[in-house]
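Quick notes on the structure that follows.
No value in this document is a laboratory result; all are computed from the given coordinates. None of these values were measured; they are calculated from a predicted model. Cβ atoms come from the backbone with ideal geometry, glycine included; neighbour counts cover every protein chain shown.
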Amino acid sequence: MSVWTGTRCSCAKGPTYQHRVLWTYQRKGLPLRVIAQYDVWRRVKDKDGTVGWILDSMLSRGRMAVVAGRVEAPVHPAPIRRAM
């Protein structure tokens with residue numbers, strides 16, 4: 001997973017500036033899965049399954065998770081050795 005780092009980030013239909021912008025992400029830190037790459041562009045998929053192209057420079061290399069549902073899930077600051 002990657003996380004987009006800007007305050008606003010446009011997601012395009014294809015990997016060039018000439019492609020139409022499909023939508024604009026407005027929340028920093030949204031986890032995105034990189035599913036393809038072309039030059040400086042990355043094809044990403046969000047948690048809802050929406051797919052589009054974003055410049056690589058708009059993504060961080062950090063990992064992020066989304067906790068969904070109504071059950072409490074423990075979150076740990078580091079891996080637990082006995083769990084590996």
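Qualifying chymotrypsin sites (Phe, Trp or Tyr not before Pro) in the stretch 1-70, where qualification requires a DSSP coil assignment and no more than 10 other C-beta atoms within 10 Å, comprise TYR17. Between TRP41 and ASP56, the built amide H atoms are under 5 Å apart, and every one of these is 5 or more places off in sequence or on another chain. In terms of its Cα atoms, the chain spans 49, 27, 21 Å along the principal axes, sorted from long to short.
Between the beta carbons of LYS28 and ARG81, assuming R0 = 41 Å, the FRET efficiency works out to 0.80 to the nearest 0.05.
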